[in-house]
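Read-outs: derived from the displayed coordinates by stated rules, not from any lab. This one's a predicted model, so the numbers in the text were calculated from it and none came from an experiment. Glycine also receives a Cβ, built like all others from the backbone with ideal geometry; neighbour counts cover every protein chain displayed.
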C-alpha cells in the first residue's frame, strides 16, 4: 500500500491473492486524499463488469461508479465521464475517447491497469499510460509480467513504473493466509500406432529440413515455429532467386510440425480435423505435402485410428483423474486447460462418460471459422459452474485471465505450457479458499516434457528478477 500511494507501482500477485482489494484500498485513498477521479482498465468486458461489482461491494456508499464500452454512444460517454467518480472500461474505449477529445485524464488521480503484462507493443494500455503522465498515480496489476528481463523492463517503461512489489505463496508474510497447493506430474506414453504415425510425419519434416540446410537457409534441423516465421519474413524481403521455394518449404515444415504437435500433445480427433482442413487448402505447399507418400500414410493411419475409436492416452488418464476426484468429493469442481478447441470438444464428449461428471466447454468468442461463446455466454457458464450445474470446466486460454471462477479444487494442464504467465495464471485457479491441486499431463518423449520444464524454469527466473527489482531480501532459488 505504501509503495502504491508513493509512486507508480507494479504489483505482482498470484491469481486469487487480492490484487483487486489492493486496488480498492489505493482507490479509496486517492478519492479521499487526492480528491481525483479513478480510472480502472481491464482487457475484456466481463472483467470490467467483475471489477465494478467488486468495487461496489467494498467502496463507500454515494460514489458514482460506471462501466463503459465502445457500444455506449460518444455523447452519453462524455456525460458519464463528467458525473462519475470511478470509471471501469476496456482500454480501447478510453484510447478512442482520448483521441477524439471526448475524454481528458486531467482530474484523474489514479489509473489502474489490470492484467498489466499486456502493456507491450501497440496495445492500448501503453497509449493510455502516456496520456496519464500529468502527475496521477499508476497502479499496474498482474500475476506475471513475463519471464524475461527485457519483457519486464518493457512493461515497466511503458507504464512508467517506479516501484515493483511482488509476493508469492512462499513468502513468510503470505504463508499464513493462503491454502496449500500440491502439484502432480502424470505421465502417459504414445501407443505403438501413434509412434508409427509420428515416424511418418517426422520423415516428411526431415526431408524438408535437409533441403533447407542444403540451401543454406537453416543451420540446424531443429527449428521452432517463431524461428520459421521470422525466416519467412526475412526471405520475403530478400532478392534471392530461391526465396519463394524456400518460403513454401518452410510453410510445409510448419504444417507438418503442427500435425506432430497435435499427435504428441492433443487428440487423434484434433489431428484428423486438422488433416480434413488441410486438404481443403489450395496452396502449393499443401499440394506438395499431399503428394508425399509418408504424409498420405500418416493421414490414412489417422483416419483408421479415429474410426476404430482409438485416442490419445491422455484422454483415459484425464477420465481417471476426474473419476478419482469426484469419487472423493461429489461436489468437487475441476478445471481442465486445453490449448486447442478441437481437443476441448473431444474431451468434453469423453468426460460425459465419467460417472458424476458434467463437463462444459469454456472457450472464447467465435473465430472466422467455427463456433465460440459470447462474453455474455461465458459469464452465464461461470455462474452455472459456480452453482453446480457443471462440475468440470474444460477451458481454453480464455479461462486464464482474471475472471471470477468458482473455487476449483483441481486444475489439470492437459498439456504443459512453456509460458510462465500462462502457467502461473492457470495454477492460480485453485487453492484460493481451500486446499488445491495442480496436475500436469505429460506425454513421455515429446515436447510436453520440454514445455513443462521450460515453463517451470521461466517462472523461477521471473520471480528471481522481480524480487531483485523490488529490493526484497527474499532469495528465490
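Couple of notes before you dig in:
- When restricted to Cα atoms, the stretch 118-219 yields an Rg and a Dmax of 23.7, 65 Å, respectively.
- Considering only alpha-carbon pairs that sit under 8 angstrom and 6 or more positions apart, the relative contact order computed for the chain is 18 percent.
- Kirkwood estimate for the stretch 2-177, i.e. one over the average of 1/r between Cα atoms, Å: 16.3 Å
- Listed peptides 48-59, 433-444 appear in the order 433-444, 48-59 once ranked by packing, highest mean of other Cβ atoms within 10 Å at the front.
- Taking every alpha-carbon pair under 8 Å whose residues sit at least 6 apart, the stretch 321-397 reaches a relative contact order of 42 percent.
- If you bin all the Cα-Cα distances of the stretch 1-50 at 5 Å, starting from zero, the percentages per bin are 5, 16, 26, 28, 16, 8, 0.
- Helix-only mean residue ellipticity at 222 nm for the chain, each DSSP H run of n ≥ 4 adding -39500 (n - 2.57), per residue, nearest 500: -15500 deg cm²/dmol
- The stretch 186-224-the stretch 326-381 distance, computed between alpha-carbon centres (Å): 32 Å
- Calculated on C-alpha atoms, the gyration radius of the stretch 279-353 divided by its Kirkwood radius gives an Rg/Rh of 1.15.
- C-alpha center-to-center spacing [the stretch 405-472, the stretch 86-116] in angstrom: 32 Å
- Diffusion constant of the stretch 192-307 at 37 °C, which comes from Stokes-Einstein with the Kirkwood Cα-pair radius and 0.692 mPa s, µm²/s: 224 µm²/s
- Stokes-Einstein D for the stretch 18-105, Kirkwood Rh over Cα pairs, 25 °C, 0.890 mPa s (µm²/s): 185 µm²/s
- With a Förster radius of 41 Å applied to the beta-carbon distance between residue 123 and residue 171, the computed FRET efficiency rounds to 0.85.
- Maximal additional length on extending the residue 328-residue 366 stretch stands at 10.1 nm, based on 0.36 nm per residue less the C-alpha distance.
- With the alpha-carbon atoms of the chain aligned to their principal axes, the span from lowest to highest coordinate is 73, 63, 49 Å, starting with the largest.
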